[in-house]
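**Student:** Before I ask anything, here is the structure I am working with.
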Amino acid sequence: MKKVVAMYEQEEAYGKNLAEYVNRKENMPFELQVFSQADKLSDYLQGHTPQLLLLSEESSLESYGEMSVKTQDVLYLTEHKEQARDHKENHIYKYQPTDQLLNQLMQRMSDHDKRDNPVMQESCPIYGVYSPVGRCGKTTFSLLLGELLARKRSVLYIGFDELPFWDEEENISEEQGEKGTLSDAYFYWQRQKLKEKLPVLVSHWHGVDVLTGMNCPEDLCAIQPEEWSQLILKIAQETEYAAIVLDIGSKLWLADSIFLMCSQLYVPVLSERLAKDQQRRFELWLEKNGSDELLQRMQIVTLPQCAQNGTMKERLEYALWGEAGDYVRNLIKSEW
């Protein structure tokens with residue numbers, strides 16, 4: 001049964017357009033009920049308990065106290081970015097991109113579920129790896145992180161690559177055979193078969209389950225960012241994985257929808273001046289978009305130089321037992 005978000009918004013066109021967008025999308029974890037009159041919302045709340053109540057900050061506050069006790073959680077829509085930033089615990093910016101708004105609503109409901117269910121709390125932390133800097137070791141860092149975490153728990157590595165990087169014969173044994181892609185996982189998620197099919201889609205590498213690549217490179221852009229975040233959340237909530245590592249690459253358009261899901265966001269960089277400039281622009285972008293709380297969960301990393309010769313497997317083996325591996329071990333020693 002879908003969760004329900006009830007919204008009180010006197011700007012009827014805004015509420016109507018948002019509801020149409022949300023309610024026509026497949027696999028949305030909630031439906032949106034919009035009210036432009038307080039008395040009609042009050043009547044609705046007499047017989048329903050929505051998971052989240054969205055209230056327009058510009059509306060009259062007189063009846064909000066009575067309304068809020070009839071729902072599980074309350075969030076205020078504000079037209080001011082500064083208000084959303086300074087009171088992020090219960091305010092959300094109204095005119096941000098729709099996909100980003102929906103992702104924040106889903107994250108809010110997920111956080112509420114975790115508070116209500118201690119067993120779910122941090123049962124499957126999500127580690128994001130993103131960088132605006134190219135050739136800085138994002139994938140190497142992500143795989144090393146996954147492999148080292150897998151020494152103590154079950155880990156799924158998800159790589160948002162247009163093509164799988166397991167083309168080299170030695171990286172998949174004959175027993176494993178041909179495996180699926182991230183596109184396949186999306187296909188089965190849409191058909192409510194993800195939990196059943198996921199074990200046969202993943203490849204296995206050094207104790208880490210790996211899911212990467214698209215059936216067609218266009219799939220990565222054709223599938224909406226909030227759908228990717230819903231898929232990841234579904235895996236975290238309904239499978240037995242104890243950690244997920246997301247190799248987001250340099251795809252900011254995709255990362256924006258996923259950042260808030262991450263318990264920790266690692267940002268590999270280089271020491272060159274250009275890379276430092278890119279890093280600073282990224283931090284300014286986070287601040288400008290009201291994501292300054294993410295800065296507290298973001299950690300800049302500089303991976304030591306790794307070997308460039310040999311197969312991918314050989315390069316990762318060298319990195320694991322060299323300075324790069326020691327660097328990641330020290331980084332996550334509290335996780336062991």
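The values are calculated or read from the model by the stated rules, or taken from the named source; none is laboratory data. Note that the structure is predicted; figures quoted are calculated from it, not measured. Neighbour counts are summed over all protein chains in view; Cβ atoms, including those assigned to glycine, are modelled from backbone coordinates with ideal geometry. Accessible surface areas use protein heavy atoms only, side chains included; no ligands, DNA or RNA. Shrake-Rupley method; radii C 1.70, N 1.55, O 1.52, S 1.80 Å.
**Student:** Residue by residue, what Karplus-based ³J(HN,Hα) values in Hz, rounded to whole numbers, does region 213-224 have, using 6.51, -1.76 and 1.60 with θ = phi - 60° and x for Gly and Pro?
**Tutor:** So the Karplus estimates, Gly and Pro as x, are x, 10, 5, 10, x, 5, 4, 4, 8, 5, 7, 5 Hz.
**Student:** Same structure again: Applying the Karplus parametrisation 6.51 cos²θ - 1.76 cosθ + 1.60 with θ = phi - 60° to the phi angles of region 302-309, what ³J(HN,Hα) value in whole Hz is obtained for each residue in order, glycine and proline being reported as x?
**Tutor:** Per-residue couplings from phi come out as 10, 6, x, 4, 10, 4, 9, 9 Hz.
**Student:** So what is the accessible area of the chain per residue, in Å², with the probe set to 1.4 Å?
**Tutor:** 49
**Student:** Also: Thinking of region 177-246 as a set of Cα atoms, what percent of all their pairs are more than 19 Å apart?
**Tutor:** Cα-Cα pairs of region 177-246 separated by over 19 Å account for 28 percent.
**Student:** Please state, rounded to one decimal and in Å, the Kirkwood hydrodynamic radius that region 247-324 gives when every pair of distinct Cα atoms enters the mean of 1/r. Don't skip to the end; give the middle numbers.
**Tutor:** Numbers: mean 1/r = 0.0697 Å⁻¹.
Every distinct Cα pair counted, the radius reaches 14.3 Å.
**Student:** Two decimals, Cα atoms only, Kirkwood Rh: what is Rg/Rh over the chain?
**Tutor:** 1.00
**Student:** Given a 1.4 angstrom probe, I'd like the percentage of the accessible area of the chain that is carbon and sulfur, rounded to a whole number.
**Tutor:** Values: 7770 of 16380 Å².
Summing carbon and sulfur atoms, their accessible area is 47 percent of the total for the chain.
**Student:** Can you give the local net charge around Met28? Use residues other than it whose beta-carbon is closer than 15 angstrom to its beta-carbon, Lys and Arg +1, Asp and Glu -1.
**Tutor:** Net of charged neighbours comes to 0.
**Student:** Rounded to the nearest 20 debye, what is the charge dipole size of region 214-336 about its Cα centre when +1 sits on each Lys and Arg Cβ and -1 on each Asp and Glu Cβ? Before the final figure, lay out each step's value.
**Tutor:** Numbers: 12 positive and 19 negative charges, 82 e Å.
That gives a dipole near 400 debye.
**Student:** Name the long-range amide H neighbours of His91: under 5 Å, sequence gap of 5 or more, or other chain; modelled H, no Pro or chain starts.
**Tutor:** Residues meeting the criterion, in which the H sits 1.01 Å from N, are Tyr76.
**Student:** Which residue, chosen from Ile248, Leu32, Gly146, occupies the Cα position most advanced towards the positive end of the dipole of the chain, where the dipole is computed from +1 (Lys, Arg) and -1 (Asp, Glu) charges on Cβ about the Cα centre?
**Tutor:** The listed residue farthest towards the positive side: Gly146.
**Student:** Sequence-distant or interchain residues sharing an amide H contact under 5 Å with Phe35, placed H: which?
**Tutor:** Residues meeting the amide H criterion: Met7, Tyr8, Glu9.
**Student:** Just add up the charged neighbours of Ala324: K/R +1, D/E -1, any other residue whose Cβ is under 13 Å from the Cβ of Ala324.
**Tutor:** Local net charge: -1.
**Student:** I'd like to compare 125-131, 232-238: which one has the highest average count of other Cβ atoms within 10 Å, and what's the full order after that?
**Tutor:** Descending packing order for the listed peptides: 125-131, 232-238.
**Student:** How many angstrom lie between the Cα centre of region 123-159 and the Cα centre of region 225-283?
**Tutor:** Taking the Cα centre of each part, region 123-159 and region 225-283 sit 10 Å apart.
**Student:** Now for a different question. Among bridges DSSP assigns within the chain, what percent are antiparallel (round to 5)?
**Tutor:** Numbers: 3 of 42 bridges.
DSSP beta bridges in the chain are roughly 5 percent antiparallel.
**Student:** Using mean Cβ contacts within 10 Å as the protection proxy, how do 48-54, 150-156 order, highest first? Each step should come with its number before you reach the end.
**Tutor:** Numbers: 48-54: 19.1, 150-156: 17.3.
Result, highest mean Cβ count within 10 Å first: 48-54, 150-156.
**Student:** If you don't mind, there's one more thing I want to ask. Helix 98-116 versus the longest principal axis of the chain: what angle, 0 to 90°, nearest 10, using Cα atoms?
**Tutor:** Approximately 90 degrees, to the nearest 10.
**Student:** Let me ask something additional. Residue by residue, what Karplus-based ³J(HN,Hα) values in Hz, rounded to whole numbers, does region 33-38 have, using 6.51, -1.76 and 1.60 with θ = phi - 60° and x for Gly and Pro?
**Tutor:** Working through the residues one at a time gives 9, 10, 10, 10, 10, 4 Hz.
**Student:** Oh, and also: Give the residue from His204, Leu52, Ser334 lying farthest towards the positive end of the charge dipole for the chain; charges sit on Cβ (+1 for Lys and Arg, -1 for Asp and Glu) and the dipole is referred to the Cα centre.
**Tutor:** In the chain, that residue is Ser334.
**Student:** Can you list residues from other chains, or at least 5 along the same chain, whose modelled amide H is less than 5 Å from the amide H of Trp205?
**Tutor:** Sorted by chain and number, the residues that satisfy this are Val210.
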